[in-house]
Amino acid sequence: MKKHILHTSVEFLKGIGSSRAKLLAEAFGVRTFKDFLELYPSKYIDRTQYYKINELVDDGSDVQIIGKIQGVSTVGQGRGKRLVAKFSDGNGTMELVWFQGINFIQKSLTKGKEFIVYGKPARFGSKWQITHPQMDENKKENQKQRAGLQAIYSSTDKLKRSGFSSRKHSDSIYALLEQIHPYLVENLPPYLIREMELMSRKSALFHIHHPKSIKHYQEAKRRLIFEEFYFQQLAFLLKNKATKEKNRSFVFGEVGTHFKTFFNEVLPFDLTGAQKRVLKEIHGDVKSGKQMNRMVQGDVGSGKTIVALMAMLMAIDNKHQASLMAPTEILAQQHFESISEMMKDSPICVEILTGSTKTKKRREIDAGLRDGSIHIIVGTHALLEDKVVFQNLGIAIIDEQHRFGVAQRAKMWTKNVKPPHILIMTATPIPRTLALSSYGDLDLSVIDELPPGRKPIVTKHFFDAKRLQVINFMRAEIEKGRQIYIVYPLIEESETLDLSNLQKGFEAIIRDFPAPTYNVSIVHGKMKPAEKDAQMKEFSEGKTHIMVATTVIEVGVNVPNASVMIIESAERFGLSQLHQLRGRVGRGGEQSYCILMTKFKLSKDSKFRMETMVRTNDGFEISEADLQLRGPGDVMGTRQSGMMEFKIASLVNNRDELMLAREKAIETLKKDPKMNLAIHKGTRDFLVSAYKKLIGWSHIS
Ligand code: ADP
Ligand code: MG
């Protein structure tokens with residue numbers, strides 16, 4: 001096939017050439033015409049407004065002035081040498097100043113010549129100055145080209161030194177658009193263009209780089225954002241469908257004895273409406289014959305574990321095994337214990353496999369998984385190893401997905417002849433925009449209801465100076481029979497510092513809470529698993545009053561009698577981590593508290609985090625705030641491979657646009673499930689070229 005013109009190397013573009021092409025590739029990954037076209041401006045300046053020198057105000061904004069050069073001179077010596085031009089617009093006079101390129105600029109500044117000057121004015125005494133202004137001779141052609149908004153492009157020092165100014169960049173784009181405009185064919189279905197009154201693709205690409213007016217810019221942007229989201233959502237929806245069609249899995253049609261017995265006789269409480277709804281969604285999947293790929297999101301304490309267990313029982317009732325994988329040993333242990341407890345009067349065999357399982361036990365487990373005598377296996381990454389072979393794995397559940405990579409998820413697929421059903425659970429909610437754009441190929445379930453009777457956790461923020469007050473409060477709570485967590489941050493750069501902080505904190509706590517009246521446990525990452533478990537066990541059995549820990553207790557730990565969570569140096573934690581830690585309390589019937597201890601001087605972001613935590617207990621709200629604060633990449637942890645980077649759309653600012661695009665993508669596929677109607681030809685062609693890999697197009701056509 002002939003190479004499309006958009007895939008031409010950018011070095012062949014007017015004004016670029018091989019050395020600038022190299023710099024563009026280095027700085028922005030721009031290699032082709034297409035890449036260059038999609039490197040959108042970072043901001044715009046308004047060239048429709050002119051200012052008068054005697055009306056300038058010092059508010060930090062850029063201005064544009066028309067006037068004449070009155071005279072030019074050089075001032076100073078050596079590094080301080082500068083070129084100063086007197087510039088007047090008939091109302092007032094100001095100075096234009098250059099420290100660099102003096103000789104070159106001096107030549108162009110003849111006295112009496114009229115210029116359009118653009119830049120940020122600053123006041124020195126009674127005089128206004130602009131340093132390194134942008135200068136355009138006031139000629140007809142310049143007026144026309146600079147009539148609307150002017151695009152400003154991100155650049156690097158190297159690019160600037162190569163003479164590639166934002167202006168040059170803009171000119172190269174202009175040349176590119178002239179050359180390729182016949183190839184910029186429409187890619188959205190005509191009915192969407194009509195119904196949503198969208199600008200055509202060609203116009204949008206022109207006006208995003210060279211907007212004729214603010215209105216044109218806004219319309220171009222609206223169209224390009226929609227386009228970006230729409231194609232991503234189409235791709236996800238098609239992939240989800242292709243996966244289902246391709247991957248048949250086991251049919252768990254029966255809701256059998258184990259499920260019913262558990263539901264009717266063991267389950268100590270009523271399920272919440274949300275839990276019931278999600279279980280129905282899961283059951284719908286596992287009886288369909290198609291492989292389930294579902295993510296369950298729920299706030300801390302919303303009761304995901306029960307849902308997981310009941311999904312596993314569906315598999316067991318249909319003669320299959322089930323696995324539950326957790327990211328840490330402590331968490332796996334905790335799941336193992338609570339599930340074993342709930343299964344203790346049933347014939348269901350539950351085992352645990354982790355990195356620290358002893359060889360002899362390990363052999364027994366391997367054998368039990370192979371011959372099918374183990375029904376539920378709980379474990380850590382150890383479950384992924386090749387030597388873990390099942391007789392007939394029917395469902396694989398992954399808890400706290402964000403700790404695992406996509407590859408690990410995929411590994412579970414290989415554990416049976418047909419891929420087992422996959423259920424993924426998140427530790428805390430993620431914003432809907434992120435869920436849709438990074439896990440858009442999964443079906444999403446949300447447990448948006450907490451079990452009844454939970455008293456909202458009271459969260460307070462204290463400065464370190466108020467420690468005495470906190471200690472008195474702790475004593476009073478212990479007096480009432482409650483238990484307390486104290487968490488220290490993990491300082492990644494220095495494990496020793498970390499440990500010594502924790503150690504000091506521990507010693508201080510022991511001084512304030514001396515034996516034998518008080519018992520204090522300690523858990524940190526440097527301890528042997530057995531030691532950790534022993535300490536955790538003492539605490540969960542109520543033998544100790546206080547648990548001093550690093551963030552190893554962050555996820556999943558469940559001690560209902562613990563009702564106070566104290567977080568030391570809380571300013572060092574991210575929002576979702578703070579929320580996750582807070583979720584360790586409020587699990588019993590008692591009023592629970594979360595106390596955030598910080599130093600007095602806080603950054604703006606830290607203050608915002610503390611305020612958010614004090615204001616709300618809602619994990620969905622917190623995850624949105626976290627997204628605003630940190631941006632999508634950081635909220636997801638390491639960038640997930642499924643998550644794409646957007647060229648113009650923003651997951652932080654364009655939430656509604658994403659929802660709309662998803663809705664429209666669903667509509668499109670309803671009209672034309674395989675996208676082979678003539679009206680979708682352009683859409684389909686574009687989708688194939690942009691998302692071939694993701695969709696695995698061959699499955700649907
Ligand atoms: P998470 O969603 O954070 O994993 P868990 O599954 O650990 O939450 O559940 C938190 C606590 O709530 C557990 O003690 C669990 O037994 C309890 N729980 C779960 N569902 C309900 C319910 N419907 N009614 C009352 N308590 C429940
Ligand atoms: Mg959990």
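Some notes on this structure:
- Filtered by the rule that a residue be out of contact with any Gly (no Cβ under 8 Å at 6 or more places or on another chain) and either surrounded by fewer than 22 Cβ atoms within 10 Å (Cβ to Cβ) or polar (S, T, N, Q) (or both), region 229-239 gives a lone residue, PHE231.
- Residues being on the phi > 0 side of the Ramachandran plot and near ligand 1 (Cβ under 10 Å from one of its atoms) - total across region 289-333: 2
- Qualifying residues in region 319-343 (those that are over 28 Å from the mean Cα position of the chain (by Cα) and not in a helix (DSSP H, G or I)) - the one farthest from ligand 2 (Cβ to nearest atom): LYS319
- Near pairs, Cβ below 7 angstrom, 6+ apart or cross-chain, from region 668-682 (basic (Lys, Arg)) to any residue that is open to solvent by 80 Å² or more (accessible area, probe 1.4 Å): LYS674/SER701
- Selection from region 7-26 of residues that are open to solvent by less than 20 Å² (accessible area, probe 1.4 Å) and under 18 Å from GLU178 (Cβ atoms): VAL10, LEU13, ILE16
- In region 332-345, the residues that are polar (S, T, N, Q) form Cβ pairs under 8 Å with partners that are surrounded by fewer than 21 Cβ atoms within 10 Å (Cβ to Cβ), at six or more places apart or across chains, as follows: GLN333/THR354; GLN333/ASP533; GLN334/ASN558; SER338/THR305; SER338/ASN558.
- Flag if LEU383 is more than 16 Å from ligand 2 (Cβ to nearest atom) and under 30 Å from the mean Cα position of the chain (by Cα): yes
- Considering (1) in a loop (DSSP other than H, G, I, E, B); (2) in contact (Cβ under 8 Å) with a residue 24 or more places away in the chain, the lone condition that THR261 does not fulfil carries the number (1).
- Of the criteria (1) more than 16 Å from ligand 1 (Cβ to nearest atom); (2) assigned to a helix (DSSP H, G or I); (3) closer than 30 Å to PRO452 by Cβ, which one LEU596 fails: (2)
- Flag for LEU393 being within 16 Å of ligand 1 (Cβ to nearest atom), closer than 20 Å to LYS244 by Cα and over 17 Å from the mean Cα position of the chain (by Cα): no
- Residues in region 268-318 that are open to solvent by less than 30 Å² (accessible area, probe 1.4 Å) and of a type in the set (Lys, Arg) were compared, and the one that is nearest to ligand 2 (Cβ to nearest atom) is LYS304.
- Subset of region 564-584 (residues that are open to solvent by 10 Å² or more (accessible area, probe 1.4 Å) and of a type in the set (S, T, N, Q)): SER569, SER576, GLN577
- For LEU238: the one exception among (1) part of a helix (DSSP H, G or I); (2) closer than 20 Å to LYS670 by Cβ; (3) modelled with pLDDT of 95 or more: (3)
- Looking across region 241-258, the residues that are assigned to a helix (DSSP H, G or I) and open to solvent by less than 50 Å² (accessible area, probe 1.4 Å) come down to ALA242, THR243.
- Boolean, TYR40 is surrounded by 12 or more Cβ atoms within 10 Å (Cβ to Cβ) and closer than 25 Å to ASP157 by Cβ: yes
- Options PRO452, PRO429; residue that is open to solvent by less than 10 Å² (accessible area, probe 1.4 Å) and either within 13 Å of ligand 1 (Cβ to nearest atom) or in contact with a Pro (Cβ under 7 Å, 6 or more places away or on another chain) (or both): PRO429
- Only residues that are in a helix (DSSP H, G or I) and out of contact with any Pro (no Cβ under 6 Å at 6 or more places or on another chain) were counted across region 569-589, and they come to 10.
- Within region 389-409, tally of residues that are at pLDDT below 95, among the aliphatic types (A, V, I, L, M) and open to solvent by less than 50 Å² (accessible area, probe 1.4 Å): 1
- Region 182-217, subset open to solvent by 60 Å² or more (accessible area, probe 1.4 Å) and modelled with pLDDT under 95, residue farthest from SER166 (Cα to Cα): VAL185
- Residue that is modelled with the highest pLDDT [pool: residues in region 459-493 that are surrounded by fewer than 20 Cβ atoms within 10 Å (Cβ to Cβ), in contact with a helix residue (DSSP H, G or I) (Cβ under 9 Å, 6 or more places away or on another chain) and of a type in the set (Val, Ile, Thr)]: ILE471
- Odd one out for ASP441 among (1) open to solvent by 10 Å² or more (accessible area, probe 1.4 Å); (2) farther than 22 Å from LYS241 by Cβ: (2)
- So SER203, is it of a type in the set (Gly, Ala, Ser) and without any contact (Cβ under 8 Å) to a residue 24 or more places away in the chain: yes
The values are calculated or read from the model by the stated rules, or taken from the named source; none is laboratory data. Only a predicted model underlies this, so the values are computations on that prediction, with no experimental measurement involved. Backbone-built Cβ (ideal geometry, glycine too); neighbour counts: all protein chains shown. Accessible surface is based on the protein model in full, side chains and every heavy atom, while ligands, DNA and RNA are left aside. Shrake-Rupley method; radii C 1.70, N 1.55, O 1.52, S 1.80 Å.
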